[in-house]
Amino acid sequence: MELTYTKNGDYFIPNLVIPEEKRPIGKYGNLRKKYLKENHTGIYQGMLLSCKLWEHLADVEEQAQQRLDILIEQMKKVEGITEELKAMDQMKWVQEMNGIIHRAEEIIFQELIYTL
């Protein structure tokens, strides 16, 4: 690893460049970040200093979104929540979908966000 330096007065300061991650971290990535920062500061600081934190958070976000989509579809199928129900009784469909989304998010929180 080759470092370059910039002279600032009497001091040489290393030119450090943090690699940029283009993927967004979103809701689940931010929740994971908060959990690590508040409950596992050593892991959080280590990932931050090694420039792996953003990549980890983006990975968690992608995994959580994929898992959420799968869980919602599976729960809809098991509980019989269909487009016909949506057309016949929209309020019931919204209630059922809100319940499914809430339960799916709880599973994601336990499996991906609030765990090591």
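A few remarks follow.
- Using C-alpha pairs under 8 Å with a sequence gap of at least 6, the mean separation divided by the residue count of the range 12-84 gives a relative contact order of 35 percent.
- Using a probe radius of 1.4 angstrom, the carbon and sulfur fraction of the accessible surface of the chain is 56%.
- 3J(HN,Hα) from dihedral phi, the range 58-69, Karplus parametrisation 6.51/-1.76/1.60, rounded to Hz, x for glycine, proline: 5, 5, 4, 4, 5, 4, 5, 5, 5, 5, 4, 4
- Cross-link partners for K86 among the aspartates and glutamates, with Cα-Cα distance under 17 Å and sequence neighbours closer than 8 places in the same chain left out: E73, E96.
- Given in Å, the Rg to one decimal and the Dmax to the nearest whole number for the Cα atoms of the range 47-116 are 16.0, 55.
- Above-threshold pairs, the threshold being 29 Å between Cα atoms, out of K27/K92; K27/K77; K37/K76: K37/K76
- Couplings for the range 42-55, taken from phi via the Karplus curve 6.51 cos²θ - 1.76 cosθ + 1.60 with θ = phi - 60°, read x, 5, 4, 5, x, 5, 5, 6, 8, 6, 10, 5, 4, 4 Hz in order; Gly and Pro are left as x.
- Rolling a 1.4 Å probe across the protein heavy atoms gives the chain an accessible surface of 74 Å² per residue.
- Calculated [θ] (222 nm, deg cm²/dmol) that DSSP helices of n ≥ 4 give over the chain, each run adding -39,500 (n - 2.57): -21000 deg cm²/dmol
The values are calculated or read from the model by the stated rules, or taken from the named source; none is laboratory data. All of these numbers come straight from a predicted model, not from anything done at the bench. Note: areas computed on protein heavy atoms with side chains; ligands, DNA, RNA excluded. Shrake-Rupley method; radii C 1.70, N 1.55, O 1.52, S 1.80 Å.
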